[in-house]
Amino acid sequence: MSASFVARRCWAEVDRAALRHNVAAARAQLAPGVKIMAVIKANAYGHGLGGVAEALARHAEIFGVANVNEAEEVRAHVPNAPVFILGPALPDEREHIASARFVPSISTLEEAHAFAALAGPELLPVHLIVDTGMGRIGILEKDSLDVVREILAVRGLAVTGLASHLPVADEDDTFTREQLARFHEIVGQLRALGLTHPVVHIGNSACVIAHPAQAGDMVRTGLMMYGSSPLPEFQPKLRAALTWKTRITLVRDLPPGHGVSYGRTFITKAPTRVATLGVGYADGYQRHLSNRGAEVLIGGRRCPVLGRVTMDQILADVTAVPEVKAGDEAVLIGRQGGEEIFAADLAKKAGTIPWEIFTGLGRRVERVYVG
């Protein structure tokens, strides 16, 4: 065997056509001319930042990332791509942001002055953030008129964007409607101050689905772009972009009364055919899925996961699929035959959210691009 040989035992197939379909589904919700920011932070929600950036290079107007390292990774795959940094920059990152012409987010007058000092002969495009309820970054709503008035007087900056963030767009419709109304009222007041041509963006995936008319000039598509809807009623219009697979490494027959995995939290009640799968919590298959009714797809059938999830392996009951053998594929997220497991299904059983399921996919999970 070659020293460079690597067996594919746990991998994620990322469908580029599905990514583009989901962007198109978002555009179909919106008024003509509304721009798309493809949010590809956190390794493109676990889908692989470089591969997703390349797939969407001609399908989104700008990319959104969390930090400078992610911005550089985008540029390595899509040179000259517009990149917006969603969160605050560290002081020692500002010079590089300015020289690379990434677009920073500004939450304070101090940040504005710091970036202006680094702008050089050309105006540096920046987006101002107004905190209308998220409480994470941004100029406080009550202070926004005074602070923005001062920022507009700072030489060296071009305020090309005005943004906010929705904290409960998928949970509290009443609050979200009120927040959107307040934000757009602030936008009108800031335009009167002289902020004449900013791109206005507040809409996340849930806003695109539930409040498209209030989304502004640009939306930030995240979860829905990967084929998982934050609002269940929209799920049929999306296509899952990721199929997470592993392989069966061993098949054994266990007698009644036999313990399965650490802690003996599952004991067989009858003769049971058990498959060992080459995936564990080190790959992102969460330990919280232990004994929570999780299933995998093997031979087109739903097979229960038994006992505790371990670092490198899980165990599944394949009694109903007696023909399975070592080397066969098992699907953890995605479709096999007529069955499908969504990231939201795993999230619900693990007591978490689809965002965490996707971003938790580990380094050992090879990303393979199809479509």
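The values are calculated or read from the model by the stated rules, or taken from the named source; none is laboratory data. It should be emphasised that the depicted structure is a prediction, and the values quoted were computed from it without experimental measurement. Positions of Cβ are backbone-derived with ideal geometry, glycine not excepted, and every protein chain shown enters the neighbour counts. These accessible areas exclude ligands, DNA and RNA; they are computed on the full protein's heavy atoms, side chains included. Shrake-Rupley method; radii C 1.70, N 1.55, O 1.52, S 1.80 Å.
Can Ile248 be described as in contact with a Phe, Trp or Tyr (Cβ under 8 Å, 6 or more places away or on another chain) and either in a strand (DSSP E or B) or under 30 Å from Gln29 (Cβ atoms) (or both)? No, not satisfied. Scanning segment 87-108 for residues being open to solvent by less than 40 Å² (accessible area, probe 1.4 Å) and not small (Gly, Ala, Ser) gives a total of 6.
Rundown of residues vs (1) touching a residue at least 12 places away in the same chain (Cβ under 8 Å); (2) open to solvent by 10 Å² or more (accessible area, probe 1.4 Å); (3) within 30 Å of Arg8 (Cβ to Cβ), yes/no style:
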| position | (1), (2), (3) |
| --- | --- |
| Gly188 | no, yes, no |
| Thr196 | no, yes, no |
| Ala210 | yes, yes, no |
| Pro230 | yes, yes, no |
| Thr243 | yes, yes, yes |
| Ile267 | no, yes, no |
| Thr276 | yes, yes, yes |
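A residue that is part of a loop (DSSP other than H, G, I, E, B) and touching a Gly at 6+ places or on another chain (Cβ under 9 Å) cannot be found anywhere in segment 140-154.
The set of residues from segment 112-133 being open to solvent by 10 Å² or more (accessible area, probe 1.4 Å), over 19 Å from Glu93 (Cα atoms), in a loop (DSSP other than H, G, I, E, B) and in contact with a helix residue (DSSP H, G or I) (Cβ under 9 Å, 6 or more places away or on another chain) comprises just one member, Gly133.
Taking the numbered list (1) open to solvent by less than 60 Å² (accessible area, probe 1.4 Å); (2) in contact with a Lys or Arg (Cβ under 6 Å, 6 or more places away or on another chain); (3) more than 23 Å from Leu238 (Cα to Cα) in turn, Thr319 passes all entries but (1).
Against the definition (among the small types (Gly, Ala, Ser) and touching a Pro at 6+ places or on another chain (Cβ under 6 Å)), how does Ala215 come out, yes or no? No; evaluated as a whole, the condition is false for this residue. Flag: Gln179 does not match the condition of being farther than 24 Å from Ala98 by Cα, open to solvent by 40 Å² or more (accessible area, probe 1.4 Å) and of a type outside the set (Lys, Arg).
Taking the criterion of being assigned to a loop (DSSP other than H, G, I, E, B) and either among the aromatic types (Phe, Trp, Tyr) or within 29 Å of the chain's Cα centre (by Cα) (or both), the residues of segment 308-327 that qualify are Arg308, Val309, Thr310, Met311, Asp312, Gln313. Of the set (1) open to solvent by less than 20 Å² (accessible area, probe 1.4 Å); (2) farther than 19 Å from Asn22 by Cα, all apply to Pro271 but (1). Please find, within segment 350-364, the residue that is most open to solvent (accessible area, probe 1.4 Å) out of those that are touching an Asp or Glu at 6+ places or on another chain (Cβ under 9 Å) and more than 18 Å from Lys41 (Cα to Cα). Checked segment 350-364; the qualifying residue most open to solvent (accessible area, probe 1.4 Å) is Arg364. Among the residues of segment 329-339, those identified as out of contact with any Gly (no Cβ under 7 Å at 6 or more places or on another chain) and open to solvent by less than 40 Å² (accessible area, probe 1.4 Å) are Ala330, Val331, Leu332, Ile333, Gly334. Of the numbered criteria (1) open to solvent by less than 70 Å² (accessible area, probe 1.4 Å); (2) touching a helix residue (DSSP H, G or I) at 6+ places or on another chain (Cβ under 9 Å); (3) of a type in the set (Asp, Glu), the one Asp217 fails is (2). Applying the set (1) farther than 21 Å from Phe84 by Cβ; (2) among the aliphatic types (A, V, I, L, M); (3) out of contact with any helix residue (DSSP H, G or I) (no Cβ under 8 Å at 6 or more places or on another chain) to Leu231 leaves exactly one unmet item: (3). Specify the residue that is nearest to Ala100 (Cα to Cα); the eligible residues are those in segment 45-59 that are crowded, with 24+ Cβ neighbours inside 10 Å and in contact (Cβ under 8 Å) with a residue 40 or more places away in the chain. Among those residues, the one meeting the criterion is Ala55. Every condition in (1) touching a helix residue (DSSP H, G or I) at 6+ places or on another chain (Cβ under 8 Å); (2) more than 27 Å from Ser105 (Cα to Cα); (3) buried (at least 20 other Cβ atoms within 10 Å of the Cβ) holds for Lys237 except the one numbered (3). Among residues of segment 146-165 that are under 15 Å from Leu109 (Cα atoms) and open to solvent by 60 Å² or more (accessible area, probe 1.4 Å), none has a beta-carbon under 9 Å from a residue that is part of a strand (DSSP E or B) and of a type in the set (Asp, Glu) at least six positions away or on a different chain.
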